[in-house]
Each structure stands twice: as C-alpha cells, then as structure tokens.
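Colleague: Okay, handing you the structure first.
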Amino acid sequence: MISTAIPINENFRLEALKSLDILDTASEKEFDDITALANYICDTKVALISLVDKDRQWFKSTYGLSDKTCQTPRNNSLCSHAILNPSTHLIIKDTREDERFNKDIIRLEDTPVIFYAGFPLVDKDGFALGTLCVMDSEPRELSQKQIESLNALARQVIILFELTKKNNDLEKIQSKLKKRNQSLREFARVISHDLKMPLANIVTTTDLLKLLLSDKLDEESKEYFEYIKASSFSMSGYISDVLAHYESETLVNKKAEKFRLNQLLQEIVDLLSIKPDFTIHFPENDPELNCNRSVLKQIFFNLIGNSIKYNDKEEIVIYVENFADEKFDYFRIIDNGMGIPEDKLDTIFELFGTANTVDRSGNKGNGIGLSTVKKLIEKLGGFIKVTSEEKVYTAFDFAIKKM
C-alpha cells in the first residue's frame with residue numbers, strides 16, 4: 001500500500017484546487033483530446049488528468065479506463081507523490097522495484113500499474129493541483145521528446161483549467177446582471193406608472209388654472225404656466241424613454257415575421273403625426289423582410305423621430321434606403337437636419353450621452369433613445385454607425401443579421 005503523501009502547502013493547494021470549480025464536473029472533449037494525445041505519444045495503456053483532492057484523486061479525463069472509474073482513494077495514489085515536487089515530473093520505470101510502492105501491487109480496474117509517469121499540473125501560483133499521467137502494465141521508459149511533449153500537454157491542461165474558470169465566472173456575472181436588469185426593468189415600470197399620472201395631473205391643472213385666471217394673468221405669468229407644462233411633458237418623455245430602454249429585452253424575445261418595410265415606415269409616420277412641412281422618401285424596392293418586426297419598428301421610430309426633432313430647416317427631408325447581402329439587411333436614414341458636432345459622434349450612443357444641442361422645440365435630449373437603438377441592433381446581431389456634417393446632414397447606417 002502506498003503511504004499518503006502530503007505537500008507542505010497542502011491547505012493552500014486544496015483551496016486553489018477548489019477555486020477552479022472543476023471537481024466532479026462532466027467530461028469535456030478538450031481534456032479528452034489531451035489524454036488521447038498523451039496516450040498516443042507514449043503508446044501506454046492508460047492516460048489520465050488526475051486532480052488530487054483531500055481524500056481522493058479525481059479524474060477529469062481518462063483514456064484506457066471505463067467510464068465507471070472516475071476516482072480512487074488518495075492513500076493508494078501515485079499522483080499524490082508526483083505533486084510533492086511541482087518543479088519536475090515523476091517517472092517510475094517499475095513500481096515493483098521502488099521501495100515506496102513495492103509492498104503491494106498497484107491496480108487500476110484489476111490492471112497492474114508497473115510503469116508510471118506523472119507531470120504536475122502547476123497553476124500560476126505554483127500549486128500542483130494534480131497530474132497529467134500515463135501508465136502501463138509493464139516496465140517502460142520515456143524518450144526526451146516524449147517527456148517534453150507531456151510537459152507541454154500538462155501546461156495546456158492548466159490553460160484549459162483557467163479558461164474554464166473564467167467562463168464559469170462570466171456565467172455567474174451574467175446571471176447576476178440578468179437578475180439586476182430584471183429588477184431595473186420592474187423598477188422602471190413602477191416608476192413610469194407612479195410618476196406619469198401625477199405629471200398628467202400637473203398638465204391638466206396647469207391648463208385649467210390658465211383658463212380660469214386668463215383675465216388676471218400678464219404675459220410673464222402665462223409664460224410660467226407654459227414652462228410648467230413643457231417641463232411636465234419633458235419629464236414624461238424622459239420616463240417613457242427610460243422604460244423603453246429597460247423593456248427592450250422584451251422586444252428582442254419576440255419571434256421573426258415577414259412584412260413589407262414601407263408598410264412599417266408608414267405606420268411610424270402615422271404615429272409621429274408628421275406635419276405638412278415634412279417629406280420622407282421610402283425605399284423604391286419596398287423589400288420584404290423576415291425579422292423581429294417590433295424591434296425594427298422601435299429602431300426606426302427613434303431614428304426618424306430624432307431626424308424630425310433635431311432639424312432646423314423649414315422643410316424636413318428624410319431618405320430611408322435599404323439593401324441586403326447574404327448575411328445582413330442594411331438600412332440608412334439620412335436627413336437634412338442640424339447635424340452632430342464631430343467631437344460628439346463617438347459618444348451619442350452611450351447611455352445619457354448627448355450632442356449638447358436643443359431640438360426643434362428648444363428642448364434638450366436625455367441621451368437614452370440612441371443608446372436603446374444601439375442596444376436593440378446589437379441584440380439582433382447587427383451594428384450601427386453615424387456620419388454627420390453640422391448644418392448639413394446626419395446619416396445613420398445600421399445592419400441587422402438575417403434570420
């Protein structure tokens with residue numbers, strides 16, 4: 001029987017091992033490929049990726065053993081001796097001639113382990129977590145090239161461990177973010193409901209007071225009433241934009257459907273209640289699309305709405321263009337509006353990022369709409385960019401991945 005071998009840094013080593021969150025996980029092809037390659041290089045009967053836990057050695061990958069063998073007791077473990085010296089490998093030509101192991105014949109699935117070569121799996125902090133090892137039932141030796149190859153494979157195992165841990169950490173972070181976003185969406189919904197009604201009451205009361213006191217108000221007082229009303233509408237719009245931003249996830253989950261682009265654009269024009277001083281040119285080809293209609297409608301609603309609001313010309317002119325390739329549907333919205341300062345082009349898609357300009361009615365934007373647009377487009381596997389020249393035009397080019 002092999003005596004139990006304990007490294008001097010055992011407690012820290014076990015903490016490092018458990019921090020990987022890899023013990024008792026399912027087999028993975030990336031690790032199985034390494035044990036298969038190790039076995040091929042050395043032409044042995046068995047190859048293992050073995051992790052030495054407190055009371056056992058657990059196998060992340062095995063080659064040459066049945067699926068039933070996933071661990072063995074540590075007190076009968078050759079690998080527990082291999083990790084005692086992380087800086088070098090342990091090669092035993094014949095365990096029967098080694099005084100540490102010759103008291104009892106070592107077996108795996110009734111196969112005697114005569115030859116053993118273990119290469120420590122050493123993490124970035126210098127802890128030997130286990131080994132990449134090969135075994136055979138007869139005495140063997142390894143060439144220098146075989147030793148170098150197994151050392152290289154052991155390093156690859158550690159890289160895979162680290163990548164696996166990073167992926168697991170990312171999944172945990174994504175899960176937390178998902179829960180937080182759900183809370184934010186619920187918060188936005190509640191705030192929208194609780195604040196919009198009082199704002200509507202303020203607007204109604206302002207109009208009523210202005211009407212009742214019309215013969216007693218001077219022009220300055222009337223302007224104050226208008227300011228209260230305008231501020232209420234601005235706050236209501238801000239709340240709506242916040243809600244739309246956090247509800248965008250719900251839109252993305254809707255299924256794709258077939259529809260004509262120009263029909264969608266006409267619906268948006270009707271919703272915006274556009275005045276006669278506005279001209280919009282739809283794509284001449286009126287393409288049939290197959291995508292998330294609700295998301296595309298929200299994208300166009302925001303972009304066309306911005307083209308109208310941020311326009312200082314007597315006649316507003318907007319062109320909507322479309323073309324496609326095998327992978328993407330491409331769209332362009334170009335207007336003859338105010339344009340965007342060059343130093344703001346890189347920040348207008350950031351949440352609360354604005355061009356620091358006021359719109360056609362003298363109101364300043366809140367920087368939520370374009371952030372929502374970018375978020376929706378990226379959720380559909382696409383991308384967006386903007387080009388602009390102040391006082392001349394602004395063009396938004398975006399693409400969404402075909403479904």
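Colleague: Kindly indicate whether any position in the stretch 116-138 is among the aromatic types (F, W, Y) and open to solvent by less than 10 Å² (accessible area, probe 1.4 Å).
Modeller: Applying the first criterion (among the aromatic types (F, W, Y)) to the stretch 116-138 yields 116, 119, 127.
Next, from what is left, pick out any that are open to solvent by less than 10 Å² (accessible area, probe 1.4 Å): 116, 119.
Yes, because at least one residue in the stretch 116-138 is among the aromatic types (F, W, Y) and open to solvent by less than 10 Å² (accessible area, probe 1.4 Å).
Colleague: Just a yes or no: is a residue in the stretch 11-26 within 32 Å of the chain's Cα centre (by Cα), farther than 19 Å from D123 by Cβ and either in a loop (DSSP other than H, G, I, E, B) or modelled with pLDDT of 90 or more (or both)?
Modeller: Yes - at least one qualifying residue is present in the stretch 11-26.
Colleague: Which residue is farthest from V134 (Cα to Cα), if the candidates are limited to the stretch 166-185 and must be touching a residue at least 12 places away in the same chain (Cβ under 8 Å) and under 16 Å from the mean Cα position of the chain (by Cα)?
Modeller: Among those that are touching a residue at least 12 places away in the same chain (Cβ under 8 Å) and under 16 Å from the mean Cα position of the chain (by Cα), it is N181.
The rows are residues; the columns are (1) in a strand (DSSP E or B); (2) within 17 Å of F101 (Cα to Cα).
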position: F119; (1), (2): yes, no
position: G126; (1), (2): no, no
position: T131; (1), (2): yes, no
position: E138; (1), (2): no, yes
position: K145; (1), (2): no, no
position: E148; (1), (2): no, no
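Colleague: Go through the stretch 57-100 and count every residue that is within 39 Å of the chain's Cα centre (by Cα) and either hydrophobic (A, V, I, L, M, F, W, C) or in a loop (DSSP other than H, G, I, E, B) (or both).
Modeller: Looking only at that region, the number is 13.
Colleague: Regarding I400, is this residue at pLDDT 60 or above and either of a type in the set (D, E) or in a strand (DSSP E or B) (or both)? Break it down stepwise before answering.
Modeller: Values: at pLDDT 60 or above: yes; either of a type in the set (D, E) or in a strand (DSSP E or B) (or both): yes.
For I400, the condition - at pLDDT 60 or above and either of a type in the set (D, E) or in a strand (DSSP E or B) (or both) - is met.
Colleague: Right, here's the next one. Cβ-Cβ distance below 6 Å, separation of 6 or more or different chains: which pairs start in the stretch 14-39 with a residue that is on the phi > 0 side of the Ramachandran plot and end on one that is surrounded by 13 or more Cβ atoms within 10 Å (Cβ to Cβ)?
Modeller: Partner pairs satisfying both residue conditions: D21/N168.
Colleague: In the stretch 172-184, how many residues are farther than 22 Å from S19 by Cα and either exposed (fewer than 11 other Cβ atoms within 10 Å of the Cβ) or modelled with pLDDT of 70 or more (or both)? Don't jump to the end; show me each part of the working.
Modeller: Here is the first cut: in the stretch 172-184, the ones farther than 22 Å from S19 by Cα are 178-184.
Narrowing further to those that are either exposed (fewer than 11 other Cβ atoms within 10 Å of the Cβ) or modelled with pLDDT of 70 or more (or both): 178-183.
Residues flagged as farther than 22 Å from S19 by Cα and either exposed (fewer than 11 other Cβ atoms within 10 Å of the Cβ) or modelled with pLDDT of 70 or more (or both) within the stretch 172-184 amount to 6.
Colleague: So which residues in the stretch 40-56 are in contact (Cβ under 8 Å) with a residue 24 or more places away in the chain and either assigned to a strand (DSSP E or B) or surrounded by 21 or more Cβ atoms within 10 Å (Cβ to Cβ) (or both)? Working first, answer last.
Modeller: Step one: filter the stretch 40-56 for residues in contact (Cβ under 8 Å) with a residue 24 or more places away in the chain, giving 41-42, 44-54.
Hits for the stretch 40-56 are C42, T44, V46, A47, L48, I49, S50, L51, V52.
Colleague: Return the total of residues in the stretch 65-85 being in contact (Cβ under 8 Å) with a residue 60 or more places away in the chain and open to solvent by 40 Å² or more (accessible area, probe 1.4 Å).
Modeller: Our first condition is that a residue be in contact (Cβ under 8 Å) with a residue 60 or more places away in the chain; within the stretch 65-85, this holds for 74-78, 80-81, 83-84.
Subset that is open to solvent by 40 Å² or more (accessible area, probe 1.4 Å): 75-76, 84.
Summing the residues that are in contact (Cβ under 8 Å) with a residue 60 or more places away in the chain and open to solvent by 40 Å² or more (accessible area, probe 1.4 Å) in the stretch 65-85 gives 3.
Colleague: Go through the stretch 262-292 residue by residue and tally those that are closer than 21 Å to L370 by Cβ and open to solvent by less than 40 Å² (accessible area, probe 1.4 Å).
Modeller: Looking only at that region, the number is 8.
Colleague: With the requirement that a residue be assigned to a helix (DSSP H, G or I) and either of a type outside the set (S, T, N, Q) or within 33 Å of the chain's Cα centre (by Cα) (or both), what does the stretch 254-282 give you? Don't jump to the end; show me each part of the working.
Modeller: Residues of the stretch 254-282 that are assigned to a helix (DSSP H, G or I), as a first pass: 261-272.
The answer is L261, L264, L265, E267, I268, V269, D270, L271, L272.
The values are calculated or read from the model by the stated rules, or taken from the named source; none is laboratory data. As the structure is a prediction and not an experimental result, all values here were calculated from the model. Cβ atoms come from the backbone with ideal geometry, glycine included; neighbour counts cover every protein chain shown. Heads up: the accessible areas ignore ligands, DNA and RNA and are worked out on the full protein's heavy atoms, side chains in. Shrake-Rupley method; radii C 1.70, N 1.55, O 1.52, S 1.80 Å.
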